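Structure record follows, encoded as structure tokens.
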Amino acid sequence: MIENIFIKMSYGRLHGIKRVEGDRIPIVFIHGMLGQAEDWISDFNEFKDHPCYAISLRGRGQSDYPKNEKEFTLEDHVIDIEAFVNEVNLKKFILVSFSQGVIYAIAYALSNKEKILSLVIQEKTLSQRKFGDVWIQRASLRDDYKNKIKVLKGLAESSKELNLLPQCEIFKKTPVLILKAANESMISLEELDKMKYVFKKSKVVIFEKSGHNITLPDYELYIKTMKDFLNDF
């Protein structure tokens, strides 16, 4: 059964969901830039042997929006993830993240390596640019982003250029699954090679028919790829 979790934070309530049934290694899911915990419900239903947990980061889903637009920094998102993981009392788990959520997940993992048994990186490199006004204008044209302008502005106000990949040498012995789209991917082939060099135990799967959303058009292929990797845990 999927249950809601609400955690009291300095800015209001942080929301997440959990399904605790399952006797294998727990999985924590981190959504993309403007996603929410519920984006992962289909994954919850597929990976029934694993207890599953997902968070709605600040300002997304049912989580409250900080009054200060500058409280959307990388460090702020890590605080959200830490609060969530501590609330559900997870000691070791698999960390799955998609798109911009990869940056937040890896930043968390770098400070909590002892908890990370494996990483699944979906459609994002470990670098980030500063989000500016042009980025906000372009993003706001997307139908699914139009009602999330406040979050976009908060992300732009708090963002900075960074590259987490060099720090990820500490994960050279950690099993990592890297999922990349063949079309309109956020991971270039050059960047993919750099990631493979750092993550020595990585497996790469390229979805030949997919764009950024690798679950489409072949959802069954996505699930099979994930299950094949998770079978070792």
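Just so you know, all these numbers are worked out from the coordinates, no wet-lab data involved. Computed from a prediction, not measured in an experiment: that's the story for all the values here. Don't worry about glycine lacking a Cβ; one is built from the backbone with ideal geometry, like all the others, and counts go over all protein chains shown.
Residues of segment 55-87 with amide nitrogen under 11 Å from the 7 Å Cα-to-Cβ point of residue 13? Residues passing the 11 Å test: 62-64.
Across the options 34, 132, 112, the greatest Cα extent toward the positive end of the charge dipole of segment 3-230 (unit charges at beta carbon of Lys, Arg, Asp, Glu) belongs to 112. Distance between the 7 Å Cα→Cβ label points at residue 173 and residue 42: 3.7 nm.
Provide the FRET efficiency to the nearest 0.05 for the residue 69-residue 184 pair, computing r from the beta carbons and using R0 = 30 Å.
Values: r = 29 Å, r/R0 = 0.98.
According to the calculation, E is roughly 0.55.
Which shape class, rounded, prolate or oblate, goes with segment 151-221 when its Cα gyration tensor gives a ≥ b ≥ c as root eigenvalues, a/c under 1.5 marks rounded, and past that a/b bigger than b/c marks prolate? It is oblate, given that a/c is not under 1.5 and a/b is not larger than b/c. Structure note, pairs 70/115; 91/200; 70/150; 180/201; 18/67; 18/172: Cα-Cα distances above 18 angstrom occur for 70/115; 91/200; 18/67; 18/172. In plain terms, if you count all Cα to Cα distances in the chain and split them into 5 Å steps from zero, the share in each step is 1, 6, 14, 19, 21, 18, 13, 6, 1, 0 percent.
Sorting 114, 184 from the fewest to the most surrounding beta carbons within 10 angstrom yields 114, 184. Per-residue ellipticity at 222 nm, computed for the chain from helices alone with -39500 (n - 2.57) per DSSP H run of at least four residues, works out to -9000 deg cm²/dmol. With 0.36 nm allotted per residue and the present C-alpha distance subtracted, the residue 224-residue 197 stretch has 7.2 nm of extension available. Taking a straight Cα-Cα cut-off under 12 Å and skipping sequence neighbours fewer than 8 places away in the same chain, the aspartates and glutamates within cross-link reach of residue 113 are 169.
Please say if segment 90-224 is rounded, prolate or oblate, where rounded means a/c under 1.5 for a ≥ b ≥ c the square roots of the C-alpha gyration tensor eigenvalues, and otherwise the choice is prolate for a/b larger than b/c and oblate otherwise? Write down the numbers at each step before the final one.
On the way: a/c = 1.76, a/b = 1.28, b/c = 1.37.
Oblate is the answer for segment 90-224, as a/c is 1.5 or above yet b/c matches or exceeds a/b.
Restricting the count to DSSP beta bridges whose residues both fall in segment 3-230, what percent are antiparallel, rounded to a multiple of 5? Kindly include the intermediate steps, with their values, before the conclusion.
On the way: 14 of 38 bridges.
Looking only at bridges with both residues in segment 3-230, the antiparallel portion is about 35 percent.
Note on segment 1-92: Rg/Rh from Cα positions, Kirkwood definition for Rh, rounded to two decimals, is 0.97.
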